[in-house]
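First the structure, in the form of structure tokens, and then the observations on it.
Every number in this text was worked out from the coordinates using simple rules, so none of it is lab data. Being a predicted model, the structure only gives us computed values, none of them experimental. Don't worry about glycine lacking a Cβ; one is built from the backbone with ideal geometry, like all the others, and counts go over all protein chains shown.
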Amino acid sequence: MDRLPDEVILDILSYLGVRDIVRFQSLSSRYLTLARDNTLWKLECFNHSRAEALRRRQQLLNVQDSRLAELRNAVTALPGADLTAWDVAQLRGSIQPRASRDPESQARTQRSRALANWEPAYPSEKLDYYEEYIHQHAPIQVGWLDLPKAQTLNKEELREATGVGTLTDRDGGHVTHVVAPLDDGSICIWDLSPRSTTQAGGRGQIVAQSHSGLLTGQTAETTADSHILMTETGAVECVSVDSTSSKGYFAVQNRLHEVDLNTLQVTSSKQYPFPITALSEAKAQTPVTVGTNWTIHLHDPRDSALSATDGTTKGELIGGSVYSHATLAQPGPLSILHDSGLGADDSSIWVAGRFTSMLNYDRRFFPRLRGTIHSGARIASLSSLPFPLAPQYLDLVRHPEAAASALLEARSRPGTTILAAAEYKGKGSLELHGLPRVQPYQNRQTASASKLLSVAPHGGRVVFSDGDGNLKWVERDGFSHVRTFNINDASVSGQQDASPYGIWSSTASEMPGQGDIVQKIIPTHPVSTSSMGSSQSLGRADIHQSNLLLWTGDGRLGILGFGHSNPLGEDDPADAVDVQARSAEQSAKEDAERQYGMAMRRALERSADEVRFVKGLGMF
């Protein structure tokens with residue numbers, strides 16, 4: 001085997017199963033490199049994809065008798081038939097499958113077209129398909145960051161995170177620290193630096209925390225007042241971090257605080273006329289866009305007028321004019337995106353929220369509105385994919401007349417895709433808007449039965465969260481489903497009888513995480529035009545840490561990873577000793593309390609069901 005060329009070994013590996021290929025990696029360093037071949041795992045990802053499953057189904061339909069094909073088409077077109085997604089696509093105008101005289105040749109052609117149409121990587125992008133396969137098929141684990149305990153009589157009460165931001169490395173390729181304001185007005189920083197074969201990594205440990213009331217001006221004794229101030233507005237995009245200068249911008253009601261993350265001290269503070277509901281990302285030499293209930297402002301930290309921290313500024317000093325701000329016709333901006341996918345000189349600002357259009361401003365001519373994109377949905381979150389959106393008429397599977405060269409040319413053009421998580425008539429809407437202006441794609445049928453809350457690109461897929469606590473991954477076409485995970489499964493795993501019945505099945509349950517949702521998703525390895533996997537940046541191919549940072553509605557912070565181990569790292573031996581040293585009496589007490597709580601929950605649910613049943617009989 002050692003004398004065989006690499007090409008021959010790769011050809012042998014192509015006949016093996018996934019488990020055998022994984023075992024083959026442990027033989028030697030050479031076989032490790034060969035068993036991680038990107039082309040090999042690209043084909044494995046495609047063979048297990050929904051696109052290939054649909055192609056195989058169509059191939060089976062093509063080789064059947066033409067009379068059976070006509071009968072099948074007639075039955076499929078009957079009213080009230082249980083149509084699949086493929087059937088719907090066929091009935092929308094695609095050519096119906098027919099019997100083929102040369103099924104083998106047609107199968108090869110269809111497979112090559114399906115592979116070219118499915119491939120998530122763009123010509124200028126490098127994806128690690130071994131990591132892609134892991135993300136699609138490996139078990140999902142969630143590691144929760146430790147939150148500081150509240151200074152109260154109840155020693156088990158934990159603080160809540162009221163927002164989240166991240167510090168990245170110099171290249172912006174990986175998240176190194178998590179920054180979050182807490183409900184007592186303090187700021188906490190966790191170390192999330194990646195681990196390698198020589199470094200253990202941050203493992204989510206707390207490295208710094210400011211004093212209580214830093215952002216609210218309250219004392220440590222009045223944490224209840226700080227809690228009200230930190231949670232009253234309920235803004236999700238209330239934290240923005242500039243990794244270059246290590247500065248953080250925190251919105252608390254109508255005040256914007258600039259904090260030096262090295263010293264955790266407020267360096268400036270500015271007051272706005274209305275409560276702040278959204279902040280854009282912070283980058284060096286670029287003003288932060290601040291959205292309030294009724295206005296849009298540009299906050300430039302280089303402005304000397306911001307040196308005063310008393311918050312008594314009488315005018316809005318933005319762009320040289322005290323009145324330079326945009327006024328909104330409808331209230332409620334929820335997300336602001338700085339688009340940089342169309343070139344280094346691009347100065348676009350996209351604002352979305354409770355109104356049904358995305359507003360486009362040009363920073364150079366602010367506050368003049370440059371244009372709008374009508375969506376019809378109320379958008380809760382915006383994100384961007386630094387690649388163009390291919391038009392739907394170039395779909396090589398649903399449009400047999402489309403040419404593969406035309407699709408490749410469209411994917412090679414400069415452009416960007418805006419991802420939007422929205423709500424349309426009570427259902428979730430996942431929207432993809434291509435820039436320059438390409439006909440958008442709106443998935444309002446299969447995205448979710450509830451409102452979408454957050455969206456982000458994750459490797460070669462798109463991940464979004466909904467109001468039911470689900471995290472869903474789809475292909476970059478916005479439609480092809482990859483996998484689904486409910487955040488509550490990570491919280492109540494191992495618990496029995498966690499079914500939501502009765503009027504008590506809400507977040508008021510004493511079960512941790514019952515009914516929780518994911519408000520914000522942040523990839524720890526952001527997608528860029530030259531991204532490869534995070535394993536390459538660490539210099540070892542066996543390290544994959546392209547995980548997701550989650551901020552939930554209950555104020556918890558977690559890291560979602562893939563595999564059987566904790567995404568925050570293995571437990572420390574000292575911690576394992578402490579766990580084993582817990583007394584049997586304490587464990588029995590906790591188990592008894594949990595069993596009693598579950599029994600009371602079931603009793604209350606049955607009582608509520610009986611009340612509704614009797615009420616339906618007209619007894620009340």
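Quick notes on this structure:
- Contour minus Cα-Cα distance for ARG594 and PHE274 (0.36 nm per residue): 110.7 nm
- Label-point separation in nm, ARG354 to LYS425, each point 7 Å along Cα→Cβ: 2.3
- Restraint check, LYS425/LYS472; LYS247/LYS451; LYS427/LYS520; LYS283/LYS472; LYS283/LYS520; LYS42/LYS472, Cα-Cα greater than 24 Å: LYS247/LYS451; LYS283/LYS472
- Taking GluC sites (Glu not before Pro) across the range 209-295, the ones in a DSSP loop with at most 11 further Cβ atoms lying within 10 angstrom of their Cβ are GLU232.
- In Hz, Karplus ³J(HN,Hα) per residue of the range 552-560 (6.51, -1.76, 1.60; θ = phi - 60°; x = Gly, Pro): 9, x, 7, x, 9, 10, x, 10, 8
- Contour excess over end-to-end distance, with Cα ends at ALA116 and ARG363 and 0.36 nm allotted per residue: 85.1 nm
- Residues LEU71, LEU568 in ascending order of nearby Cβ atoms (within 10 Å, fewest first): LEU71, LEU568.
- Chain lengthening between ILE12 and HIS374 when straightened (0.36 nm per residue, less Cα-Cα): 125.0 nm
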